[in-house]
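Note sheet for the following structure.
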Amino acid sequence: MNKLKPILCSITAVIALFGDGGIGNSTLPIGNVVIAGESQGKLKLTPKGLKLIGDYEGCRLDSYRCPAGYKTNGIGNIHNITTDIIDNEQVARDWVLNIQQAESCLNNILGKNNITQGQYDALTSFIFNTGCTRFLKNKDLTATKISTYVRAGKFSHACLQLSHWVYGGGKKLQGLVKRRKSEYLRCIE
């Protein structure tokens, strides 16, 4: 069977579309994101966190099935996928929206707990990858250990949980092993 060649895009080119949101400063949250003159809202994630997600998700303008079986395009986007080829601006808009959803999931369980920016970036990357529902609940609907630790403000324990989440579609994936290690290292910074 002849496989079609993927239509790749550049994470750096997509990030360049974010406008003047402080992308050049890697220690502060990105803040307001403007794409093609339109505000997309704010991100608390830093450029380090953005790079962490982008480096492991990759970027494609065409749709494909990810290792977990989801129809995907852009930078890990699984929402409103069509067979159409998208452009970098659409990739950027979808990415911001998906990051905002991951941030919202994390923010909803943080309470008044103090979290470092490294922990925030790492956990946002993790939630972006797993989805909010899976971050919060096991298949038997009990709370996951990682979400329980985050709710309790035990972030060092939550960081240690990352290495357990290396399976996709029932298989241990080396890409997830590497990603979780990177997330862990950002989490303990």
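The values are calculated or read from the model by the stated rules, or taken from the named source; none is laboratory data. Treat the numbers as computed from the prediction; the structure is a model and nothing was measured. Here the Cβ is made from the backbone with ideal geometry for all residues, glycine too, and neighbour counts use every protein chain on show. For the accessible areas, the whole protein counts, side chains as well, though only heavy atoms, and no ligand, DNA or RNA atoms are used. Shrake-Rupley method; radii C 1.70, N 1.55, O 1.52, S 1.80 Å.
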Checklist outcome for this item: Within region 38-57, residues in contact with a Gly (Cβ under 8 Å, 6 or more places away or on another chain) and outside any helix (DSSP H, G or I) come out as K42, L43
Next on the checklist: It is to be established whether one or more residues within region 111-119 are open to solvent by 50 Å² or more (accessible area, probe 1.4 Å) and within 18 Å of the chain's Cα centre (by Cα).
Outcome noted: yes
Next on the checklist: For the list (1) surrounded by 13 or more Cβ atoms within 10 Å (Cβ to Cβ); (2) more than 27 Å from K172 (Cβ to Cβ), I need the number of the one condition that G58 fails.
Outcome noted: (2)
Item to check | Neighbours by Cβ (under 9 Å, 6+ apart or cross-chain): first from region 66-86, within 14 Å of I7 (Cα to Cα); second polar (S, T, N, Q) and in a loop (DSSP other than H, G, I, E, B) | outcome: N73/T82
Checklist entry - Under the condition of being open to solvent by less than 70 Å² (accessible area, probe 1.4 Å), in contact with a Leu (Cβ under 9 Å, 6 or more places away or on another chain) and of a type in the set (S, T, Y), which residue from region 126-177 is farthest from G49 (Cα to Cα)? => result T144
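What about K112, is it free of Cβ contacts under 8 Å to residues at least 60 places away in the same chain, within 30 Å of K154 (Cβ to Cβ) and not hydrophobic (A, V, I, L, M, F, W, C)?
Considered against the rule, which asks whether it is free of Cβ contacts under 8 Å to residues at least 60 places away in the same chain, within 30 Å of K154 (Cβ to Cβ) and not hydrophobic (A, V, I, L, M, F, W, C), K112 comes out as yes.
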Next on the checklist: For region 90-104: of the residues being touching a residue at least 40 places away in the same chain (Cβ under 8 Å) and under 17 Å from N32 (Cβ atoms), which is nearest to the chain's Cα centre (by Cα)?
Outcome noted: I99
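Out of curiosity, is R93 modelled with pLDDT of 95 or more, farther than 20 Å from S163 by Cβ, open to solvent by 50 Å² or more (accessible area, probe 1.4 Å) and of a type outside the set (G, A, S)?
yes
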Checklist entry - Could you say which residue among G54, G49 is of a type outside the set (D, E) and closer than 16 Å to C9 by Cβ? => result G54
